[in-house]
Each structure stands twice: as structure tokens, then as C-alpha cells.
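To keep things clear, I will list the structure first and then write my remarks on it.
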Amino acid sequence: ALKFTLDTTLPDRLDVASPDAAIGMPFAEAVFAALGVASIYGINDFVTVRRQPGFDWDPIVAVVVAAAAAHL
């Protein structure tokens, strides 16, 4: 898992365990678009993303950063 510190405070706790659960949440939908994301948890000013085994972090990190800039 990787923790991302945000420049903003999340309005609500974020606890998303699947792409289906992310539907209707633009940030979570964008993060799950990256291959290998297992879950997303966020509260206050951070988000933690867990990856599935065998996937590289670099593409996931790029998607999380872009999704945060676009949606948070």
C-alpha cells in the first residue's frame, strides 16, 4: 500500500474495495482505471491505495496523482 498526502481535506471518508463500489465517485473511478488497484481508503488529508500483487506502482501512482488533481 502507498499513502498519498493531499493538498486538500476530503469531505467524507473514502473506503472503496472494488471498481463496482467506485461507481459515482469520480476520484475512485479514475483510480480504479489503473490496472492493479485493489482498494482505496481516504480520510482527512490522505488517501491510501492498495495494489494487487504483481502490478507495478509507477502507473498506479501516475493515475492517483492525476485523479487527485482533477477530482479533489
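Residue count for region 1-39, restricted to those that are touching a Phe, Trp or Tyr at 6+ places or on another chain (Cβ under 6 Å), farther than 17 Å from Val61 by Cβ and open to solvent by 20 Å² or more (accessible area, probe 1.4 Å): 2. Total residues in region 40-72 satisfying the condition of being open to solvent by 20 Å² or more (accessible area, probe 1.4 Å) and part of a strand (DSSP E or B): the figure is 6. Scanning for something more than 12 Å from the chain's Cα centre (by Cα) and aliphatic (A, V, I, L, M), does region 17-26 turn up at least one residue? Checked region 17-26: at least one residue is more than 12 Å from the chain's Cα centre (by Cα) and aliphatic (A, V, I, L, M).
The values are calculated or read from the model by the stated rules, or taken from the named source; none is laboratory data. For clarity, every value in this text was computed on a predicted model and none was experimentally measured. When we count neighbours, we look across all protein chains shown, and the Cβ atoms used for this are built from the backbone with ideal geometry, even at glycine. SASA here: full protein model, heavy atoms, side chains in, ligands and nucleic acids out. Shrake-Rupley method; radii C 1.70, N 1.55, O 1.52, S 1.80 Å.
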